[in-house]
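The values are calculated or read from the model by the stated rules, or taken from the named source; none is laboratory data. These numbers come from a predicted model, not from an experiment. These accessible areas exclude ligands, DNA and RNA; they are computed on the full protein's heavy atoms, side chains included. Shrake-Rupley method; radii C 1.70, N 1.55, O 1.52, S 1.80 Å.
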Amino acid sequence: PLYIPYGAKVSPRGADQDVLQRFGLDEDHYLLFVGRLVPEKGVHFLIQAFNDLSPELGFQLAIVGGNPYRSAYEATLRKMAGDSTRFLGYVYGSDVDHLFKGAYFCVCPSELEGTSPAILSAMGFGNCVLASDIPENLETLGDAGIRFRSRDPRDLRDKMLQLLLNPDIVKTCRKRALERVSRHYSWDAVADRMEQLY
């Protein structure tokens, strides 16, 4: 078979402050998850790990997405979450683009994925990504992100703390992420491959 990957926008960082203010967030002072609120996305691991971080670090956790059926799982997540976690619901278009652009880093704790559009979007907007070490995530990240042991909230917490205390690592990952998406996952590159195939 011929493989042509999913694509992502490529755009430098720099969030619209009005958008962030509307969601009660400050640029570079929140961690971001974007995805469906279903068990295989591992959000329960993320909330558990974030709850174990000191609130004195001054970061929020922003969770974008939901479950159309208002599941018991989503209700459980809301009960688990502390005061520094914000459930933003579904966010689309340029608003979610600016949430990606303003995050300190993005987290993908999935137990199961294909090529994750959320990871690609985060990287395409120049974001550092912390992702579970399932093969699909590792293939997408390459050397442009940070991994943690899947289903291990303690390791996730440790890696989050490492990034929070080391902005130079975050900065390096941001640069590598933009370069990787530009080279392998831009929509222009995907379109060129499709054209060659046809």
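Phi angles across the stretch 34-42 convert, under the Karplus curve 6.51 cos²θ - 1.76 cosθ + 1.60 with θ = phi - 60°, into 3J(HN,Hα) values of 10, x, 6, 8, 10, x, 5, 7, x Hz, Gly and Pro given as x.
Applying the Karplus relation 6.51 cos²θ - 1.76 cosθ + 1.60 with θ = phi - 60° to the stretch 113-125 yields 3J(HN,Hα) values of 8, x, 7, 6, x, 5, 5, 4, 4, 4, 5, x, 8 Hz, where x marks Gly and Pro.
Note that the stretch 61-68 has calculated 3J(HN,Hα) couplings of 10, 9, 10, 9, x, x, 10, x Hz, one per residue in order, obtained from phi through the Karplus relation 6.51 cos²θ - 1.76 cosθ + 1.60 (θ = phi - 60°); glycine and proline are x. Rolling a 1.4 Å probe over the heavy atoms of the protein chains gives the stretch 1-149 an accessible area of 45 Å² per residue. Of the listed residues Leu57, Leu32, the order by accessible area with a 1.4 Å probe, largest first, is Leu57, Leu32. DSSP bridge analysis restricted to the chain gives an antiparallel fraction near 0%, rounded to the nearest 5. Percent relative contact order of the chain, based on C-alpha pairs within less than 8 angstrom and at least six residues apart? Computed over the chain, the figure is 28 percent. Averaging the Cα positions of each part gives two centres, and for the stretch 133-165 and the stretch 57-106 these lie 19 Å apart.
Using only DSSP helix segments of four residues or longer, with each worth -39500 (n - 2.57), what per-residue ellipticity at 222 nm results for the chain after dividing by its residue count and rounding to 500?
Details: 9 runs with 87 residues, N = 198.
Mean residue ellipticity, 222 nm, calculated: -12500 deg cm²/dmol.
The amide H of Gln60, built 1.01 Å from its N in the peptide plane, has Tyr30, Leu31 as neighbours under 5 Å, considering only residues 5 or more places off or on other chains.
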